[in-house]
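Right, one structure below, let's go through it.
The values are calculated or read from the model by the stated rules, or taken from the named source; none is laboratory data. All values reported here derive from a predicted model rather than from experimental measurement. Cβ sites come from the backbone with ideal geometry, for glycine too, and all protein chains shown count toward neighbours.
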Amino acid sequence: MIFSRYMKKDTYIHILLIGEADKLIGLREVEENIKKDFGFPTKTLQSKINPEDSYDPARKQYHSTKILKKMLDELPSDASKMIGITSPDLFIPILTFVFGEAQLDGKVGIVSLARLQQEFYGLPPNQALLQRRLIKEIKHELGHTFGLVHCSLRECVMFVANNIADVDAKGSSFCEGCRGLLRRGRKGD
Ligand SMILES: [Zn+2]
Ligand SMILES: [Zn+2]
């Protein structure tokens, strides 16, 4: 049985494209990375969620927690976890922006492409760099959904990134300690 090592045979990590996110990214590599690190097969879906409903006109940004709530409302029964990918710039009230947000030890997380793109900083587009950044941030937010908190090791993907230089400087995989916790978290799922 291909899925014999999973606790439940019919659970997937769902990748939810919110808005026009799919035009910006190569999904295959994202899917491969999720499978490899989290040990779940993936399903990719286009969401019906309209990010405009979470728009804050005063901040000209989108409230990520509101989008997470909507994701929970449409969580498929075979979704072990669901990670959203969207283009708008996200925020939570206490921060000027977030690269993403996730429920700690919960079901859903989201990543914004906005500040992962070179264009945001007035630089020419770089698809390969965008891809690397996106994979780091997806692993990071999914790590939170499996109960991982921030890690003090810069080489670990659970290191907290406050700006794009931090995203680029940190590693793209889990450190030994986080990997162990992840393994335990997966068993408890
Ligand atoms: Zn985090
Ligand atoms: Zn770590």
When you scan the stretch 83-112, how many residues do you find that are over 17 Å from K136 (Cα atoms), β-branched (V, I, T) and in contact with a strand residue (DSSP E or B) (Cβ under 7 Å, 6 or more places away or on another chain)? 1
Only residues in the stretch 29-41 that are under 16 Å from R183 (Cβ atoms) count as the first member; pair them with residues that are charged (D, E, K, R) and outside any helix (DSSP H, G or I), Cβ under 7 angstrom, at least 6 apart or cross-chain, and list the lot. G39/R5
Would you point out the residue of the stretch 53-82, among those that are in a helix (DSSP H, G or I) and touching a strand residue (DSSP E or B) at 6+ places or on another chain (Cβ under 8 Å), that is surrounded by the fewest Cβ atoms within 10 Å (Cβ to Cβ)? L72
Selection within the stretch 135-187 - buried (at least 17 other Cβ atoms within 10 Å of the Cβ), within 12 Å of ligand 1 (Cβ to nearest atom) and more than 23 Å from T11 (Cβ to Cβ): K136, C151, C156, F159, A161, V167, K170
How many residues, within the stretch 86-103, are out of contact with any helix residue (DSSP H, G or I) (no Cβ under 8 Å at 6 or more places or on another chain) and either assigned to a helix (DSSP H, G or I) or within 13 Å of ligand 1 (Cβ to nearest atom) (or both)? 1
F159 fails exactly one of the following numbered conditions: (1) at pLDDT below 95; (2) within 10 Å of ligand 2 (Cβ to nearest atom). What is the number of that condition? (1)
